[in-house]
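Data first, discussion second: the structure below is written as structure tokens.
The values are calculated or read from the model by the stated rules, or taken from the named source; none is laboratory data. Everything numeric here is computed off the predicted structure, so don't read it as measured data. For neighbour counting, all protein chains shown are included, and Cβ atoms are generated from backbone atoms with ideal geometry for every residue, glycine included. We work out accessible area using only protein heavy atoms, side chains counted, and drop any ligands, DNA or RNA first. Shrake-Rupley method; radii C 1.70, N 1.55, O 1.52, S 1.80 Å.
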Amino acid sequence: MKKEEFERVDMRIPDYERTWPEMGRSRSLCFSINHTDPMEKNFSELVHELVPEMAESSHIMPPMQIDMGRNVKIGSHVFINHSLTIMARGGVEIEDDVMIGPGVSLLTANHDLYDHQVLLCGKVTIRKNAWIGANAMILPGVTVGENAVVAGGAVVTKDVEPNTVVGGNPARVLKYLESGE
């Protein structure tokens, strides 16, 4: 996304009706999830209450921090390891068969360089069968393509093409994958 395509949110203008209740709901549910044994019966119910648009076949391991769970959509057979951080103001969509390593951050908002009271929000999309390595950071407005791999520790500032391996800070192409590889 180009900067002018991001949603601009002026934090000086209160948005109590839309964001504050959802952030409070999500914060409370994250606390409960992070203090519940993942093997307990109600653990999965709490996670699905936090992220209502999450397939039953998907799993998120605690601890986690998701600030706006209703802005997150998770497809089927997704596995997300522990210590996930999602700042979801701009929306997050994770398609089917995605794997996400521990310590990953999906960030959909950043501050404007010239007016720090303005947030620039852009949706993060992770397409089918992508793999996000440990401690990677995906920044606002980024789409990670189908079958793509983001190496551990990468900082992804731009879209990742399908069947591509990226790594580094900022992330750059390391390899192109052939189908079936």
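Quick check on my filter: what residues within the range 28-65 are hydroxyl-bearing (Ser, Thr, Tyr) and open to solvent by less than 30 Å² (accessible area, probe 1.4 Å)? Hits for the range 28-65 are 36, 58. Scanning the range 148-181 for residues that are in contact with a Lys or Arg (Cβ under 8 Å, 6 or more places away or on another chain) and open to solvent by 40 Å² or more (accessible area, probe 1.4 Å) gives 162, 170. For the range 69-90, filtered to residues that are touching a helix residue (DSSP H, G or I) at 6+ places or on another chain (Cβ under 8 Å) and open to solvent by 10 Å² or more (accessible area, probe 1.4 Å), the residue that is farthest from residue 136 (Cα to Cα) is 70. If you go through the range 127-140 and keep only what is farther than 16 Å from residue 79 by Cα and open to solvent by 10 Å² or more (accessible area, probe 1.4 Å), you end up with 137, 139, 140. Answer with yes or no whether residue 110 is of a type outside the set (Ser, Thr, Tyr) and in a strand (DSSP E or B). Against the criterion (of a type outside the set (Ser, Thr, Tyr) and in a strand (DSSP E or B)), residue 110 qualifies. Here residue 119 meets the list (1) of a type outside the set (Val, Ile, Thr); (2) assigned to a strand (DSSP E or B); (3) in contact with an Asp or Glu (Cβ under 9 Å, 6 or more places away or on another chain); (4) under 21 Å from residue 81 (Cα atoms) almost entirely, failing just condition (4).
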